[in-house]
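Where a number appears in this text, it was derived from the coordinates with a stated rule and is not lab data. As the structure is a computational prediction, the values presented were derived from the model and not from experiment. In this analysis, Cβ positions are derived from the backbone assuming ideal geometry, glycine residues included, and neighbour counts consider all displayed protein chains.
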Amino acid sequence: MVGGTLERCYNVPVAKQDYDFDDLGGVDLSKLDLEHIRLDPEERSSPWWRWFLLVLLVGLGALVLWFPTTSFYQTQGHANWLFFLLCTTALVVGISSGRWLWRAAEEAARAYAARREREVRPSTPPEPPSADRKSV
């Protein structure tokens, strides 16, 4: 109920909304120094860092799978702090691996699209071979 609708129905005074934004009245926006702001997308991490992260995630995943088979873990029982630590680690490894795979798939799709744009395509499709021409 915008404006005076509530006021008309229930006889309750309601402030009318003012959509006139003059908050910056008197401010010269051309004098703002915005040179330090980069608007182009940046590469967040280098390729070696991503591969290091993959090796780390695979190693942690192997540790999560191997550790419950050790005699140390089996003597502790299954309802202790190690169980919850393994569950939390497995959850973090799973989510991080999924994000790593998603980023790799997005980069592969971007590279494929860029490669397709670089390919030289003929402007007109080639004509089918004529039935009149015989190839020997």
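Tabulated results
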{"item": "Cβ-derived FRET efficiency at R0 30 Å, Ile37 paired with Ser97, nearest 0.05", "result": "0.35"}
{"item": "Label-point separation, Asp132 to Ala105 (7 Å along Cα→Cβ), nm", "result": "5.3"}
{"item": "FRET efficiency for Tyr112 and Leu63, using Cβ-Cβ distance with R0 set to 41 Å, rounded to 0.05", "result": "0.75"}
{"item": "Stretch gain in nm, segment Trp48-Thr70, where the contour uses 0.36 nm per residue and the Cα spacing is subtracted", "result": "4.6 nm"}
{"item": "Derived scalar couplings ³J(HN,Hα) [the range 60-67; Karplus, 6.51 cos²θ - 1.76 cosθ + 1.60; whole Hz; x for Gly, Pro]", "result": "5, x, 5, 5, 5, 6, 7, 4"}
